[in-house]
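The values are calculated or read from the model by the stated rules, or taken from the named source; none is laboratory data. Treat the numbers as computed from the prediction; the structure is a model and nothing was measured. Counting neighbours? That spans all protein chains shown, and the Cβs are built from the backbone with ideal geometry, glycine included.
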Amino acid sequence: MRFFRNKRLFIFLIGFILLVMLVGYTYRERLNITFAEELINDTVGWIQSAVHIPVNFTVDVVSNIQEFKDTYEENQILKEQLSQYRSLVYEVQEVRKENEELRDVLNLLESDSIRSHEAIQAIVIARSPERWLEQVTINKGKKHGVQANMLVMTADGMIGKIQSASNYTSRVKLVTGFDQFNRISAMVSREDARNIFGMIEGFDEETNSLLFRIIEESEKDLEEGDLVLSSGMGGVFPAGVPIGTVKEVTSDQYGLTQIALVEPSADLYDINNVIILDRSVEQVEDLGDVVDDETEGDNEE
Amino acid sequence: MKKAYIPLILLVLVILEGLAINLLPKEIVLSDYLIIAHWVLAFLVYITVYYDEDDTYYSVIYAFIFGLFIDVIYTGILGVYMFSYGFVVYVMNRLRNLLYRNFYVLLLLGVIAFVMADFLIYIMYSVVGITDMVWQDYLLRRLLPTLAANLLFLLFLFPIFKKRLIRWSEEQLEQGN
């Protein structure tokens, strides 16, 4: 009977066991979340998108007033850039045409390229208050074709990947929260097929930059200011999405491989409109053209 | 109907926490300091001090429910906020019985609650490997700024909710008798 007199201790112990079970079950990367979680996320996401509009409006008005000061200067610079772009557009058209013709010669489909992708537009409706996790919520989900592990970018470059998708909302893990379990295969392009390949392995909080580990075999003439792009080699993300620029090159703690500190090209504070990229090639594989074990279970990227 | 006010306010606070980062200037968000919004906990402290009677546990029950909501909506790691909020508010509930109901007690309980809850969250996230911050860094870069920001929010709530909560508490007592 003494056991029941210690009711408080009993409840406390049960609670502790429950806590360990819950955390233990959920702390790892989960591609699928439970039905109850989806339901809560969808319902709250609906309210969040409603609340988001007036809040964003006021925030925008305040920042707009601040931006008025710089408008004239920016306008001058942009006009200059615009004239440069015009010539670039012609060049791109030519190159694209040529590319198409060459593909025809080789009998390659457009969808076979790891560059091609489908884009889904979305709006950020909330940002996790827990800063260690670096997550944002967007207003598109499974019903719109979003799935876990897709790449998320803004116009400036990559910002993260889909961590889990509910029916109408999904959670995005930002690159600032990446670790060894969320690697991205990346590259710096060079002429004559001397591209430098490597992996984005995580985020360094002290220097506020991504860690780009260069693969042993590739060239090592990395320079400051080089643009790092996704390479599409991991099998999940499309190729050619800008990730950031090289800030500094160092060697790792054993001196065996080189690590570059990469500054993300996208603004990770002010995220509003995002684009979710779905790689088209994977769908071809799903249809049964290529059946192999290598492409399956690839959630490392 | 009046019984639904408190859960509704808590739900609104959960949702607003997701927009809280927009209220901070860009320089602070991008700096080394981490400020975490514990607005739900702030309101739970109010419920403990001004709404709960000596033998009621509304605040503790709400702490578990809305802690779980925060876990589901914002982190995906279930149980961390739920148990840290739940445990801390239970301790607040017991402490309150030894003290009077006034402004200074509210502030004192607020400070204890924010520090305990955030520290419990830090311990749990360290154990599962979400963060590897050493505790000196944690103290300076996260705990102190978070405490200051949330105390401001606690003061902000005072003129809005103090009298209302006391009135709701009395009405609920009358209904009970």
Within segment B:1-38, track down each residue that is more than 22 Å from B:Met92 (Cβ to Cβ), of a type outside the set (A, V, I, L, M) and part of a helix (DSSP H, G or I). B:Lys2, B:Asn22, B:Lys26, B:Glu27
Given the conditions (1) at pLDDT 85 or above; (2) surrounded by 11 or more Cβ atoms within 10 Å (Cβ to Cβ); (3) acidic (Asp, Glu), report the number of the one that A:Glu110 does not fulfil. (1)
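Table: residues versus (1) out of contact with any helix residue (DSSP H, G or I) (no Cβ under 6 Å at 6 or more places or on another chain); (2) part of a helix (DSSP H, G or I); (3) among the hydroxyl-bearing types (Ser, Thr, Tyr).
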{"position": "A:Ile33", "(1), (2), (3)": "yes, no, no"}
{"position": "A:Glu37", "(1), (2), (3)": "no, yes, no"}
{"position": "A:Trp46", "(1), (2), (3)": "yes, yes, no"}
{"position": "A:Ser49", "(1), (2), (3)": "yes, yes, yes"}
{"position": "A:Asn56", "(1), (2), (3)": "yes, yes, no"}
Among the residues that make up segment A:4-19, is at least one of them among the polar types (S, T, N, Q), more than 30 Å from A:Phe178 (Cα to Cα) and either without any contact (Cβ under 8 Å) to a residue 12 or more places away in the chain or facing chain B (nearest Cβ under 9 Å) (or both)? yes
Only one of these conditions is not met by A:Val249: (1) over 30 Å from A:Ser63 (Cα atoms); (2) among the hydrophobic types (A, V, I, L, M, F, W, C); (3) away from chain B (no Cβ under 14 Å); (4) buried (at least 19 other Cβ atoms within 10 Å of the Cβ). Which number is it? (4)
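Looking for something within 12 Å of chain B (Cβ to nearest Cβ) and either aromatic (Phe, Trp, Tyr) or over 22 Å from A:Tyr168 (Cβ atoms) (or both) - is there at least one such residue anywhere in segment A:36-56? Please lay out each step first, then the result.
Of the residues in segment A:36-56, the ones within 12 Å of chain B (Cβ to nearest Cβ) are A:36-56.
In the following step, the residues that additionally are either aromatic (Phe, Trp, Tyr) or over 22 Å from A:Tyr168 (Cβ atoms) (or both) were identified as A:46.
Yes, segment A:36-56 contains at least one residue that is within 12 Å of chain B (Cβ to nearest Cβ) and either aromatic (Phe, Trp, Tyr) or over 22 Å from A:Tyr168 (Cβ atoms) (or both).
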Which of the residues spanning segment B:34-58 are surrounded by fewer than 17 Cβ atoms within 10 Å (Cβ to Cβ) and of a type in the set (Phe, Trp, Tyr)? B:Tyr57
Can you say whether B:Leu41 is in a helix (DSSP H, G or I), over 29 Å from B:Gln136 (Cβ atoms) and within 12 Å of chain A (Cβ to nearest Cβ), as far as the supplied structure shows? no
Out of all the residues in segment B:1-14, which are aliphatic (A, V, I, L, M) and either more than 10 Å from chain A (Cβ to nearest Cβ) or more than 19 Å from B:Ile61 (Cα to Cα) (or both)? B:Met1, B:Ala4, B:Ile6, B:Leu8, B:Ile9, B:Leu10, B:Leu13
So in segment B:10-29, with the set limited to residues that are crowded, with 19+ Cβ neighbours inside 10 Å and touching a residue at least 24 places away in the same chain (Cβ under 8 Å), which one is farthest from A:Asp60 (Cα to Cα)? B:Leu10
Enumerate the strands (runs of 3 or more DSSP E) found wholly within segment A:196-270, keeping only those where 1 or more residues are within 30 Å of B:Val134 (Cα to Cα) and out of contact with any Lys or Arg (no Cβ under 7 Å at 6 or more places or on another chain). A:196-204, A:209-214, A:242-251, A:258-264
